[in-house]
Amino acid sequence: MPHEALAGPGAQAARRTLSVNGESLRSAALTLHDLLAERGLDPVRGEFACAVNGCFVPRAQWPGQRLADGDCVDIVAPVVGG
């Protein structure tokens, strides 16, 4: 039996590699909401938008938006002025 099978689901999550705004990182976050909180961003009050693999994700879907190894997450904030 492979060692990973003995490690359990939490160990698999810890090995997830994501690209966040072009930066490669390892994360235990299972959802977009978890990732934002892990990165110190307020998923409820933060003034930013998110996309996963180039697809916009509405804020209401952040808690249910599962993340997979290799996903690309973009977090963007509006720019005021011109």
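FYI, it's all coordinate maths here, none of it is from the lab. A quick note: this is a predicted structure, and the numbers were derived from the prediction, not measured. Here the Cβ positions follow ideal geometry from the backbone for every residue, glycine too, while neighbour counts run over all protein chains shown.
When only the Cβ of Lys, Arg, Asp and Glu is charged (+1, +1, -1, -1), the dipole of segment 13-76 relative to its Cα centre reaches about 160 debye. Taking the number of Cβ atoms within 10 Å of each Cβ as an exposure proxy, the fewest-first ranking of LEU41, LEU35 is LEU41, LEU35. When Rg and Dmax are taken over the Cα atoms of segment 13-76, they come to 10.4, 29 Å.
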